[in-house]
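The values are calculated or read from the model by the stated rules, or taken from the named source; none is laboratory data. Just so it is clear, the model here is predicted, and its values are computed rather than measured. Note that each Cβ is placed from the backbone with ideal geometry, even for glycine, and that neighbours are counted across all protein chains shown. Just so you know, the surface numbers come from the protein's heavy atoms only, side chains and all, with ligands and any DNA or RNA stripped out. Shrake-Rupley method; radii C 1.70, N 1.55, O 1.52, S 1.80 Å.
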Amino acid sequence: MKSSPFDYHRPESLAEALSLFAEWGEEARALAGGQSLVPMLAMRLARPAVVVDLARIPELRGVARTAGGWRIGTMTREVELERVAGLPPIIAAAISHIGHFQIRTQGTVGGSLVHLDPAGEWPALSMLLEATLELASSRGSRRLSAREFALAPMLAALEPDELLVAVELPDCGGPFGFEEVERRPGDFALVGAACHGASVVAFGTGRVPQRLTGCEAHMAAGGGSGLELRKLAEDEMEAHGDIHASAAYRRQVGARLVERVVGAAAAA
Ligand SMILES: Cc1cc2nc3c(=O)[nH]c(=O)nc-3n(C[C@H](O)[C@H](O)[C@H](O)COP(=O)(O)OP(=O)(O)OC[C@H]3O[C@@H](n4cnc5c(N)ncnc54)[C@H](O)[C@@H]3O)c2cc1C
């Protein structure tokens, strides 16, 4: 199938891009790495009148150390992060699970966050590490927490005239655990879990990545990995079934992964 016709723009600055979104609103769609948008266009699941290619906007690129952590421009390709010295190791561990190398050479951090696949690694990382998302429109800019941003599967809290500009991560070195189950290497996770510090997240299980606050409370009270933690995870995990796996499978395997990532973080 071919996409429906659209006008193509390749602005050279953020201001120019934002004025296109101010003009076209819901009829415009941002093109980042195209790894999700291009198939959606080809299948006519997206039929924008205007596609705005963000590739030439310098303000949207780059990784910088900040006073409190890291600022990653939305158009930073996933593969670029594998080469940034000093980035917290949990990021490289998570990114290595995103598709294949070829996909990571095109896919961007922001594209992944906005696309909000429930099994995506970046939405899970953003929730786990309590990232802040910087949004901009020609009306101004605002910041949202990852929880505020992730409304539903493939539904981010962006207004039609807004772009995601960057993601800010706090200092997030230190021990962690990150595991997922996928049918083949490079596939989206059927189920995943990650632990960093006192935070635990499950992904691929429910509508959006889920912080497991009951498990976190268990750990804060001195509880460790083991049967009790696994039962807590099973009880609180929002699991859904689809053609790839049943809800019961996701809950059971997800709880086992929680036990493993918490154990790995404790042992590190
Ligand atoms: C075979 C295959 C396997 C994959 N496996 C995985 C996987 O295991 N894990 C995983 O997480 N992902 C996986 N992906 C998806 C990949 O990570 C994509 O990079 C990601 O989903 C979208 O990023 P993108 O830069 O390609 O965005 P695009 O496809 O260009 O855009 C995605 C969506 O985000 C919007 N958008 C993009 N940037 C902005 C912005 N700055 N502001 C506002 N809106 C924006 C677009 O309009 C579009 O709606 C896979 C993809 C393929 C093709």
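Selection of the stretch 113-134 for residues being over 9 Å from the mean Cα position of the chain (by Cα) and either in a helix (DSSP H, G or I) or near the ligand (Cβ under 8 Å from one of its atoms) (or both) yields only Leu128. Being buried (at least 17 other Cβ atoms within 10 Å of the Cβ), of a type in the set (A, V, I, L, M) and touching a helix residue (DSSP H, G or I) at 6+ places or on another chain (Cβ under 9 Å): is that true of Leu144 here? No, not satisfied. Here Leu20, Leu45 are screened, and the one residue that is outside the structural domain of Glu162 (by TED's automatic domain parsing), of a type in the set (A, V, I, L, M, F, W, C) and either open to solvent by less than 20 Å² (accessible area, probe 1.4 Å) or assigned to a helix (DSSP H, G or I) (or both) is Leu20. Of the residues that make up the stretch 194-207, is at least one modelled with pLDDT under 95 and charged (D, E, K, R)? Yes, there is a match, as at least one residue in the stretch 194-207 is modelled with pLDDT under 95 and charged (D, E, K, R). Counting only residues that are farther than 25 Å from Met154 by Cα and in a helix (DSSP H, G or I), the stretch 203-233 holds 13 of them. If you go through the stretch 24-79 and keep only what is within 19 Å of Arg104 (Cβ to Cβ), touching a residue at least 40 places away in the same chain (Cβ under 8 Å) and basic (Lys, Arg), you end up with just Arg77.
With respect to Val109, determine if the residue is at negative phi, in contact (Cβ under 8 Å) with a residue 24 or more places away in the chain, open to solvent by 40 Å² or more (accessible area, probe 1.4 Å) and of a type in the set (A, V, I, L, M, F, W, C). In short, no.
Of the residues Arg211, Arg230, Arg184, the single one that is at pLDDT below 95 and either closer than 16 Å to Leu116 by Cα or open to solvent by 40 Å² or more (accessible area, probe 1.4 Å) (or both) is Arg184. So, in the stretch 89-112, of the ones that are among the hydroxyl-bearing types (Ser, Thr, Tyr) and assigned to a helix (DSSP H, G or I), which residue ends up farthest from the ligand (Cβ to nearest atom)? That would be Thr105.
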